[in-house]
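Worksheet for the structure shown next.
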Amino acid sequence: MSSLTKLSYGQRAAKHSNPAAKLLLETIERKKSNLSVSVDVTTSKDFLAIIDAVGPYVCLIKTHVDILEDFAPGLVEKLQALSEKHDFVIFEDRKFADIGNTVALQYSSGVHRIANWSHITNAHPVPGPSIIKGLASVGLPLGRGLLLLAEMSTEGSLAKGAYTEATYAMARANRDFVIGFIAQQRSNAVTADEDFLILTPGVGLDVKGDGMGQQYRTPKEVVLDSGCDVIIVGRGVYGKDYSLVDQIAAQAQRYREAGWKAYLERIAA
Ligand code: S5P
């Protein structure tokens, strides 16, 4: 595995030139948390309550704002206020997948105006490098960062082998804007000179799947065995009853501890 996995997040932050990647690495180090909570709920009330409950324990909040049935521009200000209150970075998981011109419009405009508030977003590499060009035309001047989906957590994913390798090559050619990958492991194909962040969904401590193709691994498998940087946890943290904020906060603490322990073991090994 890459020697990058022996460096601390702080050491990596000091060397990173992309502002969004630097901010994320610094936040991880400062808060001693490599946990990102993915808040996939449909009302603004639940969305904000969950974020307020888990905020102290996360480095990053991952959103799907298009799921919210009552989305209004004022929500973004509330999200930003929570980001300041609890010191976390924001990642809108938009998974862009169209031609450069279209993704530039989807990223900058529409009701969500994602580039205005989301430090990090992501894209499928399937259209080829023009997707990066389109998104970078909007995000780079704002100091944003992009993650490419190199692998997915789902059963039967087509993102593997040559597709995944080609994704690394696309990132390598655009290192000013592409800060890393959504992936299941840190590949040996990515060397230590290229500090790409690996953010990994499909993380759960209690169950192995969700009956809809999602597959879960533990924080230890993800961070220690596979060399990933950030664990992304959704339902494992907030469960089904969003009113149980104390329980949600306790789960976030549990995942944070597991993720950080695995990281400490990794850099000590
Ligand atoms: O390969 C992936 C990529 C992503 S970004 N698998 C995923 O599950 N995700 C996202 O991570 C997914 O869209 C969801 O928001 C989150 C996982 O949620 P959970 O409830 O299964 O932990």
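The values are calculated or read from the model by the stated rules, or taken from the named source; none is laboratory data. Values in this document were obtained by computation on a predicted structure and should not be read as measured data. Don't worry about glycine lacking a Cβ; one is built from the backbone with ideal geometry, like all the others, and counts go over all protein chains shown. Each accessible area value is taken on the protein alone, full model and side chains, heavy atoms only, with ligands, DNA and RNA left out. Shrake-Rupley method; radii C 1.70, N 1.55, O 1.52, S 1.80 Å.
Taking a sphere under 14 Å around the Cβ of G10 and counting the other residues whose Cβ falls inside, with K and R at +1 and D and E at -1, yields a net charge of +3. Taking all C-alpha pairs of region 1-137, those more than 27 Å from each other amount to 26 percent.
Pairs of Cα atoms nearer than 8 Å and 6+ residues apart set the relative contact order; for region 31-158 it is 20 percent. Measuring between alpha carbons in the structure, the pairs from K62/K240; K15/K133; K95/K261; K6/K32 lying more than 27 angstrom apart are K95/K261. Each Lys and Arg Cβ is given +1 and each Asp and Glu Cβ -1; about its Cα centre, the chain then shows a dipole of about 560 debye. Across region 3-268, the relative contact order, built from alpha-carbon pairs under 8 Å that are at least six residues apart, equals 20 percent. By DSSP, the beta bridges lying fully in the chain are antiparallel in about 5 percent of cases.
In whole percents, the pair-distance distribution calculated for the chain from its alpha-carbon pairs, binned every 10 Å from zero, is 7, 32, 39, 20, 2.
Accessible-area rank, largest first, for E77, E26: E77, E26, with all protein chains present and a 1.4 angstrom probe. Taken along the Cα-to-beta-carbon direction at a fixed 7 Å, the label points for K208 and A97 span 2.7 nm.
Take the alpha-carbon centre of region 139-175, take the same for region 182-216, and report the distance between them in whole Å. For region 139-175 versus region 182-216, the Cα centre distance is 12 Å. The calculated FRET efficiency for the pair V111 and K85, based on their C-beta separation and a Förster distance of 22 Å, comes to about 0.35. A 1.4 Å probe run over the chain, with the rest of the protein chains in place, finds 42 Å² accessible per residue. Helical runs assigned H by DSSP (4 residues or longer) give the chain a calculated mean residue ellipticity at 222 nm of -11500 deg cm²/dmol, each run adding -39500 (n - 2.57) before division by the residue total. Full extension of the segment from L158 to K45, taken as 0.36 nm per residue of separation minus the current Cα-Cα distance, would add 37.1 nm. To the nearest 10, the accessible area of T102 is 40 Å² with a 1.4 Å probe.
At the residue level, H119 shows approximately 40 square angstrom of accessible surface with a 1.4 angstrom probe and all protein chains present. By accessible area, using a 1.4 Å probe on protein heavy atoms only, the chain has 54% of its surface on carbon and sulfur.
Between A14 and E69, the FRET efficiency estimated from the beta carbon spacing at R0 = 35 angstrom works out to 0.25.
Local charge for A269 was computed over the other residues whose Cβ lies under 13 Å away, with Lys and Arg +1 and Asp and Glu -1, and equals +2.
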